């Protein structure tokens, strides 16, 4: 199994970094291949604009999807984007490792998605959701939060964590075809003691080693929708 971890945390001594380092050890010990894109260490540029491409279809007006399709047809994505795309097509499993910031992805990781998940290459032409480009591959979120678990429930002040992560799990990963596995979450990472950190690492180890047998989150299939893309009820 080939695993691609996209790591998004600026501090090398953070618990996010510990999770990524531990994942590499666990997976490689089990015989899996692992590639890591440490976005901060790479100084990855998250800003999506004309520098995404080495040539352009229209130099007078920038429309990203048009330029992405043109780049897909003419192999004119910038080298940094091409390198990340190659990792996506190489892997069997994609893992996003990140701290939950403002109820979403850190800017550098969202920018990575904006630039790398390009129309014509990663989606488009009827390739989406359960018919997506990455159909048959798996993806999983591994993240930390600032607040404790009770804050992220249906009656918690921050709302249900599943609803918070839906735009990422469904709107990004499943949109391009991944089977999305249930997320791994370390709640209140900065507030826990060393023993609980060890417990979380052990729990993450078990999640990683059971990836192949873990059932994905169930989402409606394209066939379940009518011509207006609404669920059929009869």
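Every condition in (1) farther than 30 Å from residue 209 by Cβ; (2) without any contact (Cβ under 8 Å) to a residue 12 or more places away in the chain holds for residue 81 except the one numbered (2). Taking the criterion of being closer than 30 Å to residue 89 by Cα, in a helix (DSSP H, G or I) and in contact with a strand residue (DSSP E or B) (Cβ under 6 Å, 6 or more places away or on another chain), would at least one residue in the stretch 174-193 satisfy it? Yes, the stretch 174-193 contains a residue that is closer than 30 Å to residue 89 by Cα, in a helix (DSSP H, G or I) and in contact with a strand residue (DSSP E or B) (Cβ under 6 Å, 6 or more places away or on another chain). Determine whether the stretch 57-71 contains at least one residue that is closer than 24 Å to residue 178 by Cα, in contact (Cβ under 8 Å) with a residue 40 or more places away in the chain, in a helix (DSSP H, G or I) and under 18 Å from the mean Cα position of the chain (by Cα). No, that holds for no residue. Restricting the first member to the stretch 215-234 and to residues that are assigned to a helix (DSSP H, G or I), and the second to residues that are modelled with pLDDT of 90 or more, the beta-carbon pairs closer than 9 Å and six or more apart or on different chains are 222/128; 222/129; 222/130; 222/131; 222/229; 223/130; 224/231. In the stretch 28-39, of all residues being outside any strand (DSSP E or B) and touching a residue at least 40 places away in the same chain (Cβ under 8 Å), the one that is nearest to residue 83 (Cα to Cα) corresponds to 39.
Scanning for something at positive phi, touching a helix residue (DSSP H, G or I) at 6+ places or on another chain (Cβ under 7 Å), assigned to a helix (DSSP H, G or I) and buried (at least 16 other Cβ atoms within 10 Å of the Cβ), does the stretch 122-129 turn up at least one residue? The answer is yes; a qualifying residue exists. Surrounded by fewer than 20 Cβ atoms within 10 Å (Cβ to Cβ), at pLDDT 95 or above and at positive phi - does that describe any residue in the stretch 29-45? Yes: the stretch 29-45 contains one or more residues that are surrounded by fewer than 20 Cβ atoms within 10 Å (Cβ to Cβ), at pLDDT 95 or above and at positive phi. The condition (being part of a helix (DSSP H, G or I), under 30 Å from residue 198 (Cβ atoms) and in contact (Cβ under 8 Å) with a residue 60 or more places away in the chain) is satisfied by just one residue among 95, 108, 25, 5: 108. A single entry from 86, 11 fulfils the requirement of being modelled with pLDDT of 95 or more and either part of a strand (DSSP E or B) or surrounded by fewer than 18 Cβ atoms within 10 Å (Cβ to Cβ) (or both): 86.
The values are calculated or read from the model by the stated rules, or taken from the named source; none is laboratory data. A quick note: this is a predicted structure, and the numbers were derived from the prediction, not measured. Methodologically, a virtual Cβ is constructed for each residue, glycine included, from the backbone with ideal geometry; neighbour enumeration extends over all protein chains shown.
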